[in-house]
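This report concerns only the one structure given below.
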Amino acid sequence: MIDMIYELVKKREKQMSKTSKPCATCGGPTTMTAEVDRFEYGFPLTVTLSCDVIVYNCEACPFSFTDQQAETAREVAVEEHLRAIAPRPDARKDQVAK
């Protein structure tokens, strides 16, 4: 059991690393954590999309934030979703011909 806990702690330490980005709220030091971001997309019908992002967690206050790379990852997830649901041009020709 102790070995399993040790492995989990080591894995978490690998995922987290110090960063030079100060906290946007208090200016304190932050650590980076790799996380899966799940978010809703669409209206009125919504789907849940996900992407990998880096989250900056302040060590001095409870504030967490993401940066432009996370926004780009979210945009890519939306674009992939839209490409997946878009009708192919060949499919439309088949439907029109019938």
Would you mention how many residues in region 1-18 are within 22 Å of Thr66 (Cα to Cα) and either at pLDDT 95 or above or outside any strand (DSSP E or B) (or both)? 5
Looking at (1) assigned to a loop (DSSP other than H, G, I, E, B); (2) exposed (fewer than 13 other Cβ atoms within 10 Å of the Cβ); (3) modelled with pLDDT under 90, find the lone condition where Lys21 falls short. (2)
Could you list, in sequence order, the residues of region 24-45 that are within 19 Å of Ala84 (Cβ to Cβ) and modelled with pLDDT under 95? Gly42, Phe43, Leu45
Return only the number of the condition from (1) surrounded by 11 or more Cβ atoms within 10 Å (Cβ to Cβ); (2) over 15 Å from the mean Cα position of the chain (by Cα) that Phe43 does not satisfy. (1)
Consider region 63-76. How many of its residues are surrounded by 16 or more Cβ atoms within 10 Å (Cβ to Cβ) and farther than 19 Å from Thr25 by Cα? 2
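The values are calculated or read from the model by the stated rules, or taken from the named source; none is laboratory data. Since we're looking at a predicted model, the values are computed, not measured. Backbone-built Cβ (ideal geometry, glycine too); neighbour counts: all protein chains shown.
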